[in-house]
Amino acid sequence: MPGRWASYVAIGDSFTEGMDDPYGDGTFRGWADLVAGCLAKESAGFRYANLAVRGRLLPAVVDAQVPLAAAMRPDLVSFSAGGNDSLRRRFDPVRMTESFEGAVDRLTSSGASVVLFTPADVTVNYPAAQRYLTPRIEFFIELVQRVAKEYDTYLVDLWADQGFRDRRLWSIDRLHLNAGGHRRVAHHVLSVLGVECDPDWRAALPAARPDRWFTARRADLQWARVHLAPWIGRRLTGRSSGDTITAKRPDLAELSQRASELR
């Protein structure tokens, strides 16, 4: 696999779009923008596209984003999708396997080097749902690891990083990473690619004080009202948080001066 890349396309859902690591204009930065900014320093005229959209299920990513990414003929593609599917009632492991492996086959066949991910451990934020979520996540991890080996892709193993079990790396919505979490992911990606990055992006957090019982319960109630209830409402009505959202960087364009902004 090549050690340097002149172009990079990121595809996926909210994880790759960058929620919840905001720029000042209301869009999101996230680990993919950080990775692109570092890669741009390694290659003059570096080009970057980010096709990811929040809320997208794996079939939607495969049908809409994968063909676009393959047609762009980039040197590098990151592909992360399937997490939203694991939260759905109609979770279908057979369909997930076919969709995921087919997408990786198409991307690698286009000539791109491909980066795959095991998920960071979000179950720490949902202790009551661990029995429900863990078997699905374990299935997905095994799928990603097998496909990564068979197709000779890069594999970023976030599940193995115990640091993501610290809630301070997660957004207040308990579903997305915050700025610190995204920097930690960027460090993992760049390390796998053999590119130097800021060591502080994976620095250990200071010891945390345990929350008092009343403070923790009040936070739980606020989270349920502000984040959980709307999420359930969207599931019941067939809506998605990304229904009115388009890709933030749909064209494979040169970063130029924006490379510094992506940091």
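The values are calculated or read from the model by the stated rules, or taken from the named source; none is laboratory data. Since this is a predicted model, take the numbers as computed values, not measurements. In this analysis, Cβ positions are derived from the backbone assuming ideal geometry, glycine residues included, and neighbour counts consider all displayed protein chains. When the accessible area is computed, the model is the full protein with side chains, heavy atoms only, and any ligands, DNA or RNA have been set aside. Shrake-Rupley method; radii C 1.70, N 1.55, O 1.52, S 1.80 Å.
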| query | How much length is gained on full extension from Ser191 to Glu254, taking 0.36 nm per residue of separation minus their Cα-Cα distance? | reply | 20.4 nm
| task | Would you kindly derive the ³J(HN,Hα) couplings of the stretch 147-158 from the backbone phi angles with the Karplus curve 6.51 cos²θ - 1.76 cosθ + 1.60 (θ = phi - 60°), listing them in order in whole Hz, with x for Gly and Pro? | result | 5, 4, 6, 5, 9, 6, 9, 6, 10, 9, 8, 6
| task | Can you figure out the FRET efficiency of Asp152 with Ser43, using R₀ = 22 Å and their beta-carbon distance, to the nearest 0.05? | result | 0.50
| task | Could you pull out every residue, at least 5 positions away or on a different chain, whose amide H is within less than 5 Å of the one on Trp170? Hs are placed 1.01 Å off N in the peptide plane, and Pro or chain starts have none. | result | Asn178
| request: Compute, for Arg73, the solvent-accessible surface of its heavy atoms (probe 1.4 Å) with the complete set of protein chains present, and express it in square angstrom to the nearest 10. | output: 150 Å²
| query | How large is ³J(HN,Hα) for each residue in the stretch 175-187, as worked out from phi by the Karplus curve 6.51 cos²θ - 1.76 cosθ + 1.60 (θ = phi - 60°), to whole Hz, x for Gly and Pro? | reply | 10, 10, 6, 9, 4, x, x, 5, 5, 5, 4, 4, 4
| For Cys197, Cys38, what's the largest-to-smallest order of accessible area, 1.4 Å probe? | Cys197, Cys38
| remark: Put Ile137, Ile245 in order of accessible area, largest first, probe 1.4 Å, and you get Ile245, Ile137
| Taking amide H positions as placed 1.01 Å from N in the peptide plane, with prolines and chain starts having none, which residues 5 or more places from Val114, or on another chain, fall under 5 Å of its amide H? | Val77, Tyr154
| query | Working out 0.36 nm times the residue gap between Ala203 and Ala71, then minus their Cα-Cα distance, what length gain in nm do you get to one decimal? | reply | 43.8 nm
